[in-house]
Amino acid sequence: GERNYSCFSSSDFYSSLGLEDFLSVGDISGTEEDTDSAILYGTLRGSVVGLRYYTGIVNNNEMVALQRDPNNPYDKNAVRVNNVNGDQVGHIKKELAAALAGIMDSKLAVVEGVVPYGAKNVFTMPVQMSFWGREENREAVLDQLKRHGFKLSPPLKVGSESRFGSKWISGRAGPSYSAPVHAAVQLTTEQLKSEFDKLFEDLKEDDKTCEMEGAETVGTLLLPHQKQALAWMVSRENSNDLPPFWEERSDFYYNILTNFAEKKRPENIRGGILADDMGLVIILIQSLNFCLCRMCVHVSYWFIIWFILICGKYYTLFCYDQFEQHIHQDFNVNIYVYYGSDRSKDPSVLSEQDIVLTTYNILATDYGIRGGSPLHKVKWLRIVLDEGHTIRNPNAQQTKAVLNLEGQRRWVLTGTPIQNSVKDLWSLISFLKMKPFTDREWWHRTIQRPVTTGTPGGLGRLQSLIRSITLRRTKTSKVKGKPVLELPERKVLIQHVTLTEEERQVYQSVKEEGKAAISRFFSEGTVLAHYADILGVLLRLRQLCCHPHLCVNTSSSFSYLSVSADNKTPEELRETLVKKMKLVLSSGSDEECAVCLESLTVPVITRCAHVFCKPCIFEVIRSEQPNAKCPLCRNKLRVEHLVECPPEEEIDSSNGKKSDQEWISSSKVNALMHALIELRRDSPNAKCLVVSQFTTFLSLIENPLKESGFAFTRLDGSMAQKKRVEAIQCFQSSQAGSPTVMLLSLKAGGVGLNLTAASRVFLMDPAWNPAAEDQCFDRCHRLGQKHDVVITKFIVKDSVEENMMKIQNKKRKLAAGAFATKKPSASEVNQTKINEIKALIDL
DNA sequence: ACCGCCGGGTGCC
DNA sequence: ACCGCCGGGTGCC
């Protein structure tokens, strides 16, 4: 909404820096998504009329949806009443509709209905309505109702919504309300956490521990947990079970959450979620391309074989996030790589394939094209989403494109089925076509809200739902009492680095200058308004900890801090946006485009200060016109407001050597080189990753590596796909003379990136988000790793890096306990942010 | 009777 | 709808 505009313009900037996880930037999504903080204002009895004109039928106690019908020729205030299936039951009586229309259109409240009794009436039936909204809108809603002569009853708990399968208690006479049940109990963080752990750790179930031999060619190579996964997947595809929460009654099928019934048997869920936090399954596909470790080769073949043997000659669409071109084609199946400008737009070409590989980005781009996407014209036998969690934003074009694919058997591979809250699950559940959750209203009313408010039974529902469709394997999962995977140890060492006198002087002067500016913001009370600028200060300090050359124009660096944010001319606004974009592009390497989730190609910045690829954001604007909104903050988007990055200056000096500038070292580089040389002396065959967020730093490090005769390779987000594959294969190779060092940018590659050849990691600079570090470490500490993994973090003593570590530790502790609990209030979030800034700059 | 009352026609929004 | 509402027919006691 526009009301939040001023917030967005500053806060979206740090989300594009990827710092929101670290610096507790609150979720400030618009009202439509902000349903979690809704409270119940009260209830109201109304009537549904015109029943005999519609075919939709309901049961007593069944939930109904109220939907505005503004184009109704008889009454612009019309409100439709639909049953769970989406069939219209009738209309809300016009006097009441007149009161509801304004409230619903302005989104002041969400109105939900339940038909308490009289469901079989011929002409009209009662409907019990609940009004939900944000605390601050309560008065406005009550007011609007009052003006039309309606008054809400106190928020009784509506029976069918509050307990698992509970019924309305029918009194002998009059309307049947259940007595107000006790208030919902908010579970403690620990309780919630342990409940969620249980969601996934259910290996005792028969259908998940039963093993199945693979195809003959690979069967002998399967590990027990892989055989289990195979058996489970096959059973899921052939299962005749009703979907969760459905019961067979005498001659119909009954949904115990919504009390909806229908004669037609609800579709089985022929698929599920393979949730795997270490790529045990994800690796199956991706390791095809990194097939240097024997086990991975077979694991991946196994997966392909599974699809061929189980499904016969059918075509299967893989949604492939980390796109790879080199696919082994040893199994005599047709694999079509649907990617690049020469991709066939002919659906029948796709239909001829056994397997079609594509990316979310392509899928989303094609979805909007005139004439329709060929991918959406094929009826797939199977659709497999790799990195399924990337579709967790229900409003993203990618999600919409995925949800609209046709295909009966649907699989989701994801390491993190629930990223932050239950909310994230909806897209996946919807993708699996689980009735009635494909409609977000039923998901929200029956699962999400009960869970987040701690309504008794809510977690139980979620649990049984997840259990029925998910196979979960974690590093600690056990099969027959033995861990599914015994990984070598992982050790993290902190190596402190002391700056030289000279480095310290520069650092100190930049710090004092920044500190003075930030102090001024504090005294002016404009800290949050200058948040982006503050991040800029911190960025420079972080860079100075690494190498003085990373921080280019130090002396005049903060001149822009004094520019007032208001009253800018268009040219000034443009300049500011360009500056912000450059800061984003240089802050950490490989900033992602939120549309394609890949590295930014031709970056442009929106007026709301979000950075996207130019083609990506153009496509968004084109397909959503005339009211295109920013995918990240929902602010209005206009093509003419987009600002491109002026080309004259090289931002990414990826080859490092600033033309003839003489190479100098730094304390941190010295520390690294000392460690590398020692490692080469002690174990000449050991391979290591040198990781930094700054690609320019990696480029600088190339100099001493060459001087000391190291064979090294490099992987960062800016590299073309072919180069990346080459770099990885070359590094993973065990041949003599193959590189022993890989320069790796922190965020390069996806979960599937397999760098198990390395057993040492040198992290050159701490990341804002500890999870990003962990994910990076997991690229070598994963299936296939033969050695203990030692990670060395270089941290400059008495610097912003040390302060970052402190906050990281705090975050880690928080993350360990927090899950789906109530969101902190905006003021709490801001206070945390302010405290973190103070801690970072020693104020 | 510019009323009341009767009884038939009729029926969402 | 075994209702409400509408509008035409009708009109002392």
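In nm, to one decimal, how far is the A:THR500 label point from the A:GLN721 one, both placed 7 Å along Cα→Cβ?
Simple spin-label model gives 4.5 nm for this pair.
Report ³J(HN,Hα) in whole Hz for each residue of the stretch A:122-137, in order, from the Karplus equation J = 6.51 cos²θ - 1.76 cosθ + 1.60 where θ = phi - 60°; Gly and Pro get x.
8, 10, 9, 8, x, 9, 8, 9, 10, 10, 10, x, 7, 3, 5, 9
What list of ³J(HN,Hα) values in whole Hz, one per residue of the stretch A:722-737 in order, does the Karplus curve 6.51 cos²θ - 1.76 cosθ + 1.60 (θ = phi - 60°) give from phi, with Gly and Pro shown as x?
Going residue by residue, I get 5, 4, 4, 4, 4, 4, 5, 5, 4, 5, 6, 5, 9, 4, 4, x Hz, with x marking Gly and Pro.
Based on the mean of other beta carbon atoms within 10 Å per residue, what is the order of A:371-382, A:770-781, most packed first?
Ranking the peptides A:371-382, A:770-781 by packing returns A:770-781, A:371-382.
Let me know the Kirkwood hydrodynamic radius for the stretch A:39-162, please, with Cα pairs as the basis and the value in Å to one decimal.
Result for the stretch A:39-162, one decimal place: 14.4 Å.
Considering amide H positions built from the backbone, and no H for Pro or chain starts, which residues 5 or more places from A:GLU62, or on another chain, come under 5 Å of its amide H?
Those lying under 5 Å, H to H, from A:GLU62 are A:VAL115.
Per residue, how large is the accessible surface of the stretch A:39-162? Use a 1.4 angstrom probe and give square angstrom.
46 Å²
Would you mind checking which residues have amide H under 5 Å from A:LYS687's amide H? H placed 1.01 Å from N; only 5 or more apart, or other chain.
A:SER759, A:ARG760
Go through A:VAL110, A:GLY149, A:VAL127 and say which Cα lies farthest out towards the positive end of the charge dipole of the stretch A:39-162; charges sit on Cβ, +1 for Lys and Arg, -1 for Asp and Glu.
A:GLY149
Under a 5 Å amide H to amide H cut-off, with H placed in plane at 1.01 Å, what residues pair with A:LYS793 once short-range neighbours are removed?
Amide H neighbours of A:LYS793: A:LEU493, A:ILE494, A:GLN495, A:LEU763.
How do the peptides A:73-80, A:666-673 rank, highest first, by the average count of neighbouring beta carbon atoms within 10 Å per residue?
Ranked by mean Cβ neighbours within 10 Å, highest first: A:666-673, A:73-80.
Between A:SER734 and A:GLU572, what FRET efficiency follows from the Cβ-Cβ distance if R0 is 45 Å, with the result rounded to 0.05?
Once the sixth-power term is evaluated, E becomes 0.20.
Would you kindly derive the ³J(HN,Hα) couplings of the stretch A:673-690 from the backbone phi angles with the Karplus curve 6.51 cos²θ - 1.76 cosθ + 1.60 (θ = phi - 60°), listing them in order in whole Hz, with x for Gly and Pro?
Values per residue, Gly and Pro as x: 4, 4, 5, 5, 5, 4, 4, 5, 5, 7, 9, x, 8, 5, 10, 9, 9, 10 Hz.
The values are calculated or read from the model by the stated rules, or taken from the named source; none is laboratory data. This one's a predicted model, so the numbers in the text were calculated from it and none came from an experiment. So basically every Cβ, Gly included, is an ideal-geometry build from the backbone, and we count neighbours across all protein chains shown. Ligands, DNA and RNA are stripped out before the accessible areas are found, and what is left, the full protein with its side chains, is counted by its heavy atoms. Shrake-Rupley method; radii C 1.70, N 1.55, O 1.52, S 1.80 Å.
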